[in-house]
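The values are calculated or read from the model by the stated rules, or taken from the named source; none is laboratory data. No experiment lies behind these values; they were computed from the predicted model shown. Neighbour counts run over all protein chains shown; Cβ positions are idealised from the backbone, glycine included. When the accessible area is computed, the model is the full protein with side chains, heavy atoms only, and any ligands, DNA or RNA have been set aside. Shrake-Rupley method; radii C 1.70, N 1.55, O 1.52, S 1.80 Å.
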Amino acid sequence: MSQQAASKAPEDKRTVVAVDLGAESCRVSLLRWQGDTAEITLVHRFPNGPVEDDGLRWPLATIEAGIDDGLRRAAELAPEGIRSIAVDGWAVDYVRLDADNRPLAAPFCYRDERTIAAQQALHTKISAERLHEITGIQLARINTLYQLRADNAAALPPGARWLNLPEYMLTRWGAAPFAEYTNATHTGLIDLETCDWSPEIFAAAGLDIRRTAPLISPGTRLGKLRGPLANIPALRDAELIAPACHDTASAIAGVPTHAERWAYISSGTWSLIGALLASPCNSAAALADDFTNLGAVGNRICFHKAVNGMWLLKQCMDTWAALGTPFTVEELVRFASLEPEPAALLDVADPQLGLVGNMPALINAHLRAHGETPLDESPAGAARMAALIFHSLAAAYVTALDQLRHHTGFQLAEIVVVGGGCRNDLLCRLTAERTGLPVRRGAPESSTIGNLAVQLAALEGVSPSNPHAFAAAVSSWAATLLHSTEPASTSPAPAPVCNVENS
């Protein structure tokens with residue numbers, strides 16, 4: 001496999017910090033240089049999850065405190081000083097702010113069911129077909145568009161503006177309000193042709209376009225850190241940089257460019273299956289298959305579809321833990337690998353399997369609805385339940401990859417798995433077996449790699465206004481970081497498919 005030559009270490013070897021906001025945990029990591037070798041250290045990780053508080057909401061104050069604590073810990077470990085900080089995270093959720101950029105309330109979680117009615121109501125004002133024609137994205141009810149419409153329906157105060165969560169975090173540290181493009185494309189409010197907010201959609205939804213923030217590209221330098229944290233010596237000169245604020249765009253930026261056409265699976269709470277494109281694929285057929293065109297570093301397109309992911313297993317684990325039997329993911333992967341192939345599989349796209357609750361019971365309700373025999377919902381049946389989930393996810397990947405080939409015309413050379421799912425030996429093996437393609441494992445924390453690579457490209461002076469050069473610089477830095485840290489591994493595909501070399 002050809003790969004762009006890695007960059008050397010920068011002349012300025014001060015520490016660079018990446019913050020990753022996750023739906024299940026948030027992380028603060030730092031990059032330090034030992035000569036020309038990069039060392040990435042996880043400084044602070046803390047759990048995250050929605051809570052019931054007049055709806056399903058994110059504990060904003062807890063997230064803020066945890067991230068600030070992580071920066072203080074990073075400062076303690078970096079006497080040479082912190083050069084820059086960037087934040088990526090999950091998309092669609094946002095904070096409504098007053099005129100002084102202070103939160104009006106804790107943000108809603110995208111899984112809150114208030115958007116069901118909001119989506120239905122909006123589609124009487126502007127059709128789903130027209131929305132897709134404008135935006136090119138999957139019309140999921142979790143999109144910011146439907147959430148803002150639900151705010152209006154509930155007569156919530158609109159505030160002066162709203163910001164997605166990563167942008168809000170950088171704003172509270174001193175950046176002027178902004179909307180980073182890869183994250184903004186997830187809102188359902190961006191015109192795919194003009195690459196700007198869509199006046200037509202705002203008007204149809206009854207939303208005020210003046211409450212948006214200016215759009216910027218990943219790699220934009222935002223100025224110096226301000227506020228109480230800037231009083232810490234190591235943070236005094238820290239610069240704020242917008243990465244690809246959407247964590248999937250950061251994760252894909254963490255995969256060095258390849259000559260062959262390759263597919264990615266970003267495997268976490270959601271499974272995102274797709275490929276990088278130079279231009280959008282916005283056909284009616286792509287819409288019918290739930291594919292979406294989202295922003296990527298270097299003005300490229302993340303063309304993928306989202307299906308349920310490790311959410312299924314995590315919700316099962318929560319249920320079993322509440323019954324007194326906690327499991328680790330590693331244990332369940334090992335147990336499931338000893339189970340026979342299930343007689344029937346789940347349709348992981350069933351909306352009922354995306355709900356918060358007793359997932360073993362939801363899975364059995366799904367099986368019964370399809371005329372299949374339910375499984376043991378207790379911890380004693382965990383191995384078989386986990387095996388069902390992994391086999392079903394692999395089957396969903398096959399379907400999505402077949403659709404990807406159809407819409408793009410790509411003859412795929414390999415699949416690169418990033419995110420926590422790349423540690424799942426069973427799921428990677430099942431994916432290789434079912435697709436007949438080599439499965440190469442990227443970094444489990446690929447969003448951190450991509451976040452750091454964007455910062456390094458920006459710091460060396462490559463302008464995001466030159467998309468090709470900026471994407472090349474990001475790819476080069478990602479190669480450096482991956483080469484310096486844990487090497488990738490490859491799950492072999494069945495014969496006669498030839499494997500490819502590891503990166």
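Rolling a 1.4 Å probe over the protein heavy atoms leaves Asp151 with an accessible area of roughly 10 Å².
In the calculated pair-distance distribution of the stretch 286-369, the portion above 19 angstrom amounts to 55 percent of the Cα-Cα pairs.
The peptide list 394-403, 226-235, put in order of mean Cβ contacts within 10 Å with the highest first, becomes 394-403, 226-235. For the stretch 141-192, what class follows from the C-alpha gyration tensor (a ≥ b ≥ c being the square roots of its eigenvalues): rounded when a/c is under 1.5, otherwise prolate if a/b is larger than b/c, else oblate? Taking the square roots of the gyration eigenvalues as a ≥ b ≥ c, the stretch 141-192 is oblate.
Given the -39500 (n - 2.57) contribution per DSSP H run of 4+ residues, what per-residue ellipticity at 222 nm results for the chain, rounded to the nearest 500 deg cm²/dmol? Here the helix-only value at 222 nm equals -10500 deg cm²/dmol.
With all protein chains kept in place, the per residue accessible area of the chain amounts to 39 square angstrom at a probe of 1.4 angstrom.
Once all protein chains are placed together, Thr194 keeps about 90 Å² accessible to a 1.4 angstrom probe.
Among 102-108, 454-460, 433-439, sorting by the average number of other beta carbon atoms lying within 10 angstrom of each residue, highest first, gives 454-460, 433-439, 102-108. The GluC sites (Glu not before Pro) of the stretch 108-175 that meet both conditions, a loop assignment by DSSP and at most 14 other Cβ atoms within 10 Å of the site Cβ, are Glu113.
Two numbers describe the Cα atoms of the chain: Rg and Dmax, which are 21.9, 64 Å.
For the chain, averaging the sequence separation of C-alpha pairs within contact (under 8 Å, six or more residues apart) and dividing by the residue count gives a relative contact order of 17 percent.
Looking at the chain, the DSSP beta bridges with both ends there are about 70 percent antiparallel.
In the complete set of protein chains, residue-level accessible area for Glu200 is approximately 80 Å², probe 1.4 angstrom.
Protection proxy ranking, highest mean first, for peptides 118-127, 174-183: 174-183, 118-127, where packing is the per-residue count of other beta-carbon atoms within 10 Å, averaged. How would you classify the stretch 59-212 from its alpha-carbon gyration tensor, with a ≥ b ≥ c the square roots of the eigenvalues: rounded for a/c under 1.5, else prolate if a/b is greater than b/c, otherwise oblate? Prolate, since a/c reaches 1.5 and a/b exceeds b/c. Working note: Debye formula, equal point scatterers on the alpha-carbon atoms of the stretch 365-484, no solvent; log10 I(q)/I(0) at q = 0.11, 0.13, 0.15, 0.16 Å⁻¹ is -0.57, -0.73, -0.87, -0.94.
Over the stretch 27-108, Cα pairs under 8 Å with separation of 6+ residues give a relative contact order of 26 percent.
Taking only protein heavy atoms and a 1.4 Å probe, the accessible area of the stretch 9-69 is 45% carbon and sulfur.
Shown are Arg429, Arg334, whose ranking by accessible area with a 1.4 Å probe and every protein chain present, most to least, is Arg334, Arg429. Of the heavy-atom accessible surface of the stretch 169-218 (probe 1.4 angstrom), what whole percent is carbon and sulfur? Accessible surface attributable to carbon and sulfur in the stretch 169-218 totals 53 percent.
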